[in-house]
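Readers should treat all values here as calculations from the given coordinates under stated rules, not as data from a laboratory. Nothing here was measured: the structure is a model prediction, and the numbers come from that model. Methodologically, a virtual Cβ is constructed for each residue, glycine included, from the backbone with ideal geometry; neighbour enumeration extends over all protein chains shown.
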């Protein structure tokens, strides 16, 4: 392909609104162009990368027997009313009406659509299992779209759905998907981790998340420095050292004039934060819950919500603290708490003796508080945010933190959607059962960003071989010269016949501009055609290496083969 | 691929709401499933056909140097406000708002988007020409979606846009596109015609439409029985026999008590309709226009609108006839017409002597009306709907009518969008000029319907080779038998290695069901594996032929090659 035919609007300067390196590079190198906040055009180079990724995904999906199809982007609201998500999905859902004022949404995900399509069709265990997938444009009306393709409002996803008659098949397909995803990310040249994920609002019994390591990542990945353990911060657990157990001392009330934060208490009473029994008020599905945690830890709301199996969880507001918890704000504590309030405690407090906590009255705390004797807990749960350096829950190694980009997520959905939408099958005994589902997503356009975050240098993008929009960049240093044009076209043909994809910079631009843009664009191999064109000599340089070599066109293909042996 | 893994929800009966054969067959054979009126899921078989079509399109686009990219489906309303189409496009435009109440649309076509993307980029004649295209999902909120994929609200299109510095390049690219489109339709096995098209609201100086012949088609194609002339009914012209010229008789008024339709007048005055000067009142861009036409012809509003170069044209209402035309309804006529009204006349009236027409007063007509003497016409134009049997405008042969499905449309847009959106380039003399544009569309999902309309029989679809979702259907008559399963898998592997795409019906269904569904599905070759499986013998049958032959598996590939020599 001649570069003069392609639309590659490069920029000399970084766009001012681009924080992420991948965003900067994709805009500067002419891969993408913003049409609206979080809505981008994929220009010719970016589309080729997307198509390379899609090809890999299709191969890996086919290998595990998943079958491709394509459902609509615009969906009748009724589908989502059936699952209940029309009302609960929140502001991220694009809603619209047609000319007859019927409600529609733009699909952010397609559990309902696929469930609707298989309902009454996969109506017997004989027709199960089935694994279906699509590669499709999705819509989420993000409040703060940013980082280019990383958090967009229109994006491309591969979403797969499995339908099985039993958990064994679900588990098998889930494992096959995990392996397929690993293959996909490996082939894309990504450094990633498979972590325990939060199932969030998807429902279901388990999930794994795939996270690409990158400083710009919005997720914190917790992993062991000496084992395979890895989890999203919202899911991570740890083993913490037991508390030093003391003989229970007498419960005493003490007055304070401070606001009574943990810092206030450690300062006023000269104790470490680990001796404070921090009490936090929440409303879980509209019921008051008091969550106890050691003063040196933080409550992780996602973990707490999951541990409580709540649909919705939020901190109680001042009015609720007064009315439902019958406590002064800042002085919450479990001792003599209103019996209408459910008290749950983090495992860090289970053996915490002689602690300090609020007495539910303004200006008053309790000293020497002890579990069982002074307060009762309905459940001990794990809802603290883990800290770096703690022992991994598999007892192997210590926990480390890294930033990551979520690039995939696979879920064991179970029967959440098949039950709400009555998608049933007859089992071997002729009994109606809800179909057991799984869903499996990869953010394709986002992968493009993740790969560039990991594959770049000071001069631009450095594409892994499998994803490069073109593998070879033939640069005619002075495209006005006939011998260079001539050799350029000859080499293009030679390479194309040898199976390489080739972009020929035939533009009549200054050499400096052409080299800088070539580096920016990041194709794996550059072949420079300059003064020795008449002799049939060109220069080969790999994008990820500094040196170049001169070769005669007759030796070009062979030299490329040798040079590329270790290029990935 | 094993059929047991694929989602193919066949139906025994035709869906009650499906009028078009292609719609019936696609639903019955499990290709598509309706999610909402005019919104369909492409099930696995349909997606494979779409992908086959897309592959052909990509090859033909690449051959003429068009470069693929992908723009968003959701577009900020401001883009369309710049071109003016946000307000003029009408109810077919899906409109929505994001969470911040900013206006968006779902793109029904992308002239504005591409113009926006090249603006300030293709800013010099040196960067022109460029031809860009995308394959993308489009949205049109049709009032009456119907015929399955033929008139949908969400559909897939290939849309290309050319940007040139001069008309010569536009003409060249337009011609290349026409040839590429012909290649595409030929490869899809379509019977089609290239016709003069109506540019409609796209603007621009010329267009060609590609129409697939089909009884269900919504367009009437007018073509000569002895030449290449073909046009949409909205564009067709003809040569009509001159009127018999009489010496002008005296203008006389005559009273009538009837409603004064053409039928009333021929009856009352015992004249042929061709002696009546029919007068019709229109509002063209809010100006009153009286259109005169011979009584035996109909005004074609699209032709009239184009001939008047009006943005908008509609019949005048009663109030306007009274106020602006100062006439009684039913008695319009050009004699002594209000001078504020523009009078245009169809060519059929130019030599019409001694005609009959309304006198603008209720119950009164003029007899012996003659042009120039009794009324003045500002322009003689061609705005009549042609009739079958008239002489082709190239004087070769007579006009015939056929129904057709619009499967493609190419437009010379000119500078309509570049001017309204200020997309300019510097020409060789350093002068700013608006970029000259063309646009070129193929309805891909609609092609699927058009092909099936032409390729079916009483038993189901009969796919052309190039589009078939799988080329070979291997049917295990009794899939419970191990020898049949075994031979089925062997033959699948053998065929796959020979480069065929294969679907194996491994389902444990009755043989009758399997054969009926196989015919319905329409794969070009069926290989039946039955009682002689243990001997390695199977039966080959082409979908478009009645006979089958028995072959040993060792001779299978060779036999297929011979049989398929003439299959298209």
| field | Area projected by the alpha carbon convex hull of chain B, averaged over all directions, nm² | value | 33.3 nm²
| request: Going by the rotation axis that takes chain B to chain A, pick out the residue of B with the closest C-beta and quote the gap in whole Å. | output: B:96, 2
| request: Using only atoms on other chains, find how many Cβ atoms lie within 10 Å of each Cβ of peptide A:133-142 and report the average. | output: 3
| query | If you count the DSSP beta bridges with both ends in chain B, what percent of them are antiparallel, to the nearest 5? | reply | 80 percent
| field | Cα-based helix-to-principal-axis angle, B:482-497 vs chain B, degrees rounded to 10 | value | 60 degrees
| query | Put a point 7 Å out from Cα along the line to Cβ at residue B:555; what are the distances to that point in the other copies, in nm, shortest first? | reply | 5.6
| field | P(r) of region A:424-568 over all Cα-Cα pairs, binned every 10 Å from zero, in whole percent | value | 11, 35, 26, 9, 5, 6, 6, 2, 0
| request: Above 25 angstrom, tally the Cα pairs of region A:133-288 and express them as a % of all pairs, no decimals. | output: 56 percent
| remark: Listed with the fewest Cβ neighbours within 10 Å leading, B:442, B:436, A:56, B:557 appear as B:557, A:56, B:436, B:442
| field | FRET E, pair residue A:372, residue A:14, Förster distance 60 Å, beta-carbon r, rounded to 0.05 | value | 0.50
| remark: Mean projected area, convex hull of alpha-carbon positions in region B:252-381, reported to one decimal in nm², is 6.9 nm²
| task | Provide the percentage of antiparallel DSSP beta bridges, counting only those with both residues in the protein assembly as shown; round to the nearest 5. | result | 80 percent
| said: Compute the helix-to-body angle for B:44-63: its Cα long axis versus the longest principal axis of chain B, expressed 0 to 90° and rounded to tens. | reply: 70 degrees
| request: As a check on your grasp of the helix formula, calculate [θ] at 222 nm for chain B: sum -39500 (n - 2.57) over DSSP H runs of n ≥ 4, divide by the residue count, round to the nearest 500. | output: -7500 deg cm²/dmol
| task | Write down the percent of antiparallel bridges among all DSSP beta bridges whose residues are both part of region B:451-533, to the nearest 5. | result | 20 percent
| task | Return B:47, B:448 ranked ascending by Cβ neighbour count within 10 Å, so the fewest neighbours appear first. | result | B:47, B:448
| note | Label points for residue A:90 built 7 Å along Cα→Cβ; distances to same position in the other copies, nm, shortest first, come to 4.1
| message | What FRET efficiency comes out for residue A:287 versus residue B:509 if R0 is 41 angstrom and r is the Cβ-Cβ distance? Round to the nearest 0.05. | response | 0.20
| Nearest 10 degrees, 0 to 90: what angle lies between the long axis of helix A:167-187 and the longest principal axis of chain A (Cα atoms)? | 50 degrees
| message | Once the label point is set 7 Å along the Cα-to-beta-carbon vector, what list of distances in nm do you get between residue A:11 and its counterparts in the other copies? | response | 5.1
| field | Residue order, fewest to most surrounding Cβ atoms within 10 angstrom, among B:473, A:409 | value | A:409, B:473
| request: Summarise the partner chain shielding of B:25-37 as one whole number: the mean count of Cβ atoms from other chains within 10 Å of each residue's Cβ. | output: 3
| query | Mind checking the alpha-carbon convex hull of the protein assembly as shown and giving the volume per residue in Å³? | reply | 251 Å³
